[in-house]
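> Dropping a structure here in structure tokens format, bear with me for questions.
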Amino acid sequence: MRGISVGARTPHSKQLFTGGGRTRKIKAVYQSLTQSHHKPTTVFSQNNHALPPGFELEGYRIERQLSVGGFSIVYLGHDTEGQAVAIKEYLPNSHVLRGEGQIAPTIPVGFQTEFNHGLKLFFEEGRALTGLDHRNVVRVLNFFRANGTVYLVMRYEVGQTLRDFLRKHRGHQDESFLRGMFSGVLDGLGEVHGSGLLHLDIKPANIWLRADNSPVLLDFGAARYAMDIGPPEPRAMYTPGYAAPEQYHGKFTLGPWTDIYAVGACMYAALAGSAPQAADERLQDDQLLPARQRWGKNYSPRLLATIDDCLRLEPMRRPQHARALQASLNTGKAGDQPPGSWLSRLGLRGW
């Protein structure tokens, strides 16, 4: 088993971590440039040097680098009580330079605005996640500014991503495992939605499996507050195959049903071994074979019907919230409520 870094590519190391009415505009929490289809201008790309082992950082001690990605470095660290933590440092290769022996990054002329924008969004990701404490959601313990950048401190976990698990176990998946695991994902997602957030980038790479196969929902880099409801931001990031149709354009409103589409796509991918046809392509020429037709002889009709319901192109024809979908997986009975129940919890009664 290994750990995984949130929002960073994994090296060869075996130990990583996780620690129909009016519309109103959504406030963006973190419109990441990391995986956005809007690509920033870059003039260089290199691997910045990590902080050295033993470095003291706001009461945490850096042990070693765990993983690195285009926009962050993740470290294994310990707090003052010796508890292992994962520390994620905002350090975009395309915007900053940090050479050997340096602590604070150097920002080349012309990149300060882009760096500051990303810094603010990274900080807002931490602010959003510190309010969530659920065993199926990545736990952010602390976030702070230091060394001219921002750090997120997360609970350390051992395991692997669902993506890696599926790559190792291609072929038939046990239905009881799928029901139990995705029930956990939906339990965490229900907590996220109840807190007024939409994840908007659920995919196998963002679902972490502990050693006991219990899941953890990772990487809220695309998350948006849902104090108001509205169309996607122009620079919103999405992952083809898992993103819902409404994430490609403003024809439909974003809501919990948007994340439900992604969960259905993950379940479909678990059976198929690859992501389903991208939603924008389906809108033009839908070639996606329904789960009931493709695996009718291998899995229960209820499970396959649930997957197909999640992958409906029309948002209001999908399950409208995570708890309803979880109930369907746990009991085999369909359950649904109109989106007004979710909106009312956010104080938007009458919508």
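> Of the accessible area of region 63-174, with the probe set at 1.4 angstrom, what percent is carbon plus sulfur?
49 percent
> Right, next: Heavy atoms of the protein only, probe of 1.4 Å, neighbouring chains included. What is the accessible area of ASP280 in Å², nearest 10?
We get 60 Å² for ASP280.
> Still on this structure, I have one more. When the chain is fully extended, how far beyond the present Cα-Cα distance does GLU56 get from LYS251, taking 0.36 nm per residue of separation?
Extra length available between GLU56 and LYS251 comes to 65.3 nm.
> Another question, then. Quick check: residue separation of LYS120 and SER176 times 0.36 nm, minus the Cα distance between them. What number comes out in nm?
16.0 nm
> What is the spin-label model distance, in nm, from ASP285 to THR113 if the labels are put 7 Å beyond Cα along the C-beta direction?
The modelled label-to-label distance comes out at 4.1 nm.
> Sorted by accessible area with a 1.4 angstrom probe, largest first, how do THR130, THR80 fall?
Solvent-accessible surface, decreasing: THR80, THR130.
> Next question, about the same structure. Within 12 Å, Cβ to Cβ, of ALA262, how many net charges do the neighbouring residues add up to if Lys/Arg are +1 and Asp/Glu are -1?
Combined, the nearby Lys, Arg, Asp and Glu give -1.
> Taking every alpha carbon pair in region 54-94, what does the distance histogram look like in 5 angstrom bins from 0, in percent?
Percent of Cα pairs in each bin: 6, 26, 31, 18, 13, 4, 1, 0.
> May I ask for the Rg/Rh ratio of region 87-227, computed from Cα atoms with Rh as the Kirkwood radius, given to two decimals?
So for region 87-227, dividing Rg by the Kirkwood Rh gives 1.04.
> Then there is this: Label ARG292 and ALA104 with points 7 Å out from Cα along Cα→Cβ: what is the distance between them in nm?
Label-label distance for ARG292 and ALA104, simple model: 6.2 nm.
> What distance in nm separates the simple spin-label points at GLN83 and THR130, each placed 7 Å from Cα in the Cβ direction?
It is 1.5 nm.
> Could you pull the accessible area for ARG155 with a 1.4 Å probe, rounded to 10 Å²?
About 90 Å², rounded to the nearest 10.
The values are calculated or read from the model by the stated rules, or taken from the named source; none is laboratory data. None of these values were measured; they are calculated from a predicted model. Heads up, the Cβs are rebuilt from the backbone with ideal geometry, glycines too, and the neighbour counts pull from every protein chain shown. Areas reflect the complete protein model, heavy atoms only, side chains present, ligands, DNA and RNA absent. Shrake-Rupley method; radii C 1.70, N 1.55, O 1.52, S 1.80 Å.
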